[in-house]
């Protein structure tokens, strides 16, 4: 069986060895042995690391990602959880798009000051709404 040690895995994946050890501690990946003092992994670990990366990019916590990995290494994804995360992302995109449009308008606005620009005032309200939304999600 072909194996890769932790230093090579770290270099090839771009993930620090400390993070790989943490993933192993959390049960997200599993080493298959040691080569001297270095942990070794099968090449399938790259697929698992991609799954973890995708989950993190989608906004899932490591605990949520871990809950999707079955004991046999397969994935069991909760569709309701995916739909909720997709809705969260769509809301975030909508909010960021509104901010983008207000920023573009404020940059090109002919009002004597930003305090007199209704779009800039809208941007300030959006920023406050976004801050409250972020606190709720944390």
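Miscellaneous remarks
- Listed by position, the helices (runs of 4 or more DSSP H) enclosed by region 1-99 include none that has at least 1 residues that are surrounded by 12 or more Cβ atoms within 10 Å (Cβ to Cβ), on the phi > 0 side of the Ramachandran plot and not assigned by TED's automatic domain parsing to the domain that holds residue 127.
- Test: residue in region 79-96 that is within 22 Å of residue 128 (Cα to Cα) and in contact with a helix residue (DSSP H, G or I) (Cβ under 6 Å, 6 or more places away or on another chain): yes
The values are calculated or read from the model by the stated rules, or taken from the named source; none is laboratory data. All values reported here derive from a predicted model rather than from experimental measurement. Here the Cβ is made from the backbone with ideal geometry for all residues, glycine too, and neighbour counts use every protein chain on show.
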